[in-house]
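Engineer: My questions all concern the structure below.
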Amino acid sequence: MNEARYLYCIFEGSEEITLGNIGIEGSSVYAIPYQDLCAVVHNCSPEPYKSEDQEKVKLWLTTHAKVVEVAWEKFGTVLPLGFDTIIKGEEGVVPDENIKKWLKGDYENLTQKLAKLKDRAEFGVQVFWDPKIISEWLIETSPEIKKLSEEIKSKSKGLAYMYKQKLENLLKKELEKEADRYFK
């Protein structure tokens, strides 16, 4: 018997709605309303999702994000919850009632957060770069670095070593500047 509910997100709404079998491992996803808030959930066991299979875990995380995205597209502003947020039932109290108790107890906080997020979307952006490739690009595009790099070739071994140190320091500073620029 399913004794818990897995939570994906909260949205403003007041009716029970089914989103279909789009949840983790094909679970049926639906909304539990309390006043004008709804929790998007699926039935689950009270134990957290665990697996040694990294691909399975990635699939669970992706599915969690996809359900939140579907809710966002269908209902507008949503307050996403972290992966593996589970509310259990208690003796004599079904999990749906515990979700309603939670929504009631945290109602003001949740409505404030939803209001703050209204008409906004959150996106995670990651930039991956290879410092070697960026350094090569900087050597070609930065006049100062290019000049220093060319000068190293004509210097004696001892001087070339000092110039290389200077070049490495300059490259490090320029890499940091580029990283800051891309971050912004």
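The values are calculated or read from the model by the stated rules, or taken from the named source; none is laboratory data. Since the structure is predicted, the reported quantities are computational estimates derived from the model, not experimental observations. Ideal geometry is used to build each Cβ from the backbone, glycine not excepted, and the neighbour counts take in all protein chains shown. Note: accessible area is taken over every heavy atom of the protein model, side chains too, but ligands, DNA and RNA are not part of it. Shrake-Rupley method; radii C 1.70, N 1.55, O 1.52, S 1.80 Å.
Engineer: Pairing the Cα long axis of helix 143-153 with the longest principal axis of the chain, what angle in degrees results, from 0 to 90 and rounded to the nearest 10?
Structural biologist: The helix 143-153 is inclined about 50 degrees to the chain.
Engineer: Mind pulling the angle between the C-alpha long axis of helix 131-141 and the longest principal axis of the chain? Nearest 10 degrees, somewhere in 0 to 90.
Structural biologist: 50
Engineer: Give the Rg (one decimal place) followed by the Dmax (whole number) of region 133-184, computed from C-alpha coordinates and expressed in Å.
Structural biologist: In order Rg, Dmax, the Cα atoms of region 133-184 give 11.9, 41 Å.
Engineer: Would you list, by chain and number, the lysines whose Cα falls below 17 Å from the Cα of K100, excluding same-chain residues fewer than 8 positions away?
Structural biologist: Excluding near neighbours in sequence, the set is K88.
Engineer: Write down the accessible area per residue of region 41-184 in Å², having rolled a 1.4 Å probe over the full set of protein chains.
Structural biologist: Numbers: 10800 Å² over 144 residues.
Roughly 75 Å² per residue, with all protein chains present.
Engineer: Placing unit charges on C-beta atoms (Lys and Arg positive, Asp and Glu negative, everything else neutral), compute the dipole magnitude of the chain about its Cα centre in debye, rounded to 20.
Structural biologist: Details: 27 positive and 32 negative charges, 266 e Å.
Charge dipole of the chain: 1280 debye, to the nearest 20.
Engineer: Mind sorting out which of (i) 26.4, 85; (ii) 21.1, 64; (iii) 18.6, 60 is the real Rg and Dmax of the Cα atoms in Å computed from the coordinates?
Structural biologist: Recomputing Rg and Dmax of the Cα atoms in Å here gives the entry labelled (i).
Engineer: Measure nothing but the geometry: give the 0 to 90° angle between the long axis through the Cα atoms of 107-117 and the longest principal axis through the Cα atoms of the chain, rounded to 10°.
Structural biologist: So the helix axis and the longest Cα principal axis differ by about 40 degrees.
Engineer: Among 175-183, 66-74, 36-44, how do they line up by average Cβ neighbours within 10 Å per residue, starting with the highest?
Structural biologist: My ranking of the peptides, most packed first, is 36-44, 66-74, 175-183.
Engineer: Here is a further query. For L61, what accessible area in Å² do you get when you roll a 1.4 Å probe over the heavy atoms of the protein chains, rounding to the nearest 10?
Structural biologist: 80
Engineer: Continuing with this model, one more query. Go ahead and run the numbers for FRET between T85 and E176, Cβ-Cβ distance against an R0 of 35 Å, rounding to 0.05.
Structural biologist: Approximately 0.40, to the nearest 0.05.
Engineer: Setting aside same-chain residues fewer than 8 positions from K177, which aspartates and glutamates have a Cα under 18 Å from its Cα?
Structural biologist: Counting by Cα, and skipping residues close in sequence, K177 has these aspartates and glutamates nearby: D130, E136, E140, E144, E168.
Engineer: Something else now. What is the chain's relative contact order, in percent, from Cα pairs under 8 angstrom and six or more apart in sequence? Write down the numbers at each step before the final one.
Structural biologist: On the way: 240 pairs, mean separation 36.5, N = 184.
Answer for the chain is 20 percent.
Engineer: If you rank W102, W137, W60 by how much accessible surface each has, with a 1.4 Å probe, what is the order from largest down?
Structural biologist: In descending accessible area the options line up as W137, W102, W60.
Engineer: Which of Y182, S154, Q35 sits closest to the plus end of the dipole of the chain, meaning its Cα is farthest towards the positive end, when Lys and Arg get +1 and Asp and Glu get -1 on the C-beta?
Structural biologist: Among Y182, S154, Q35, the one farthest towards the positive end of the dipole of the chain is S154.
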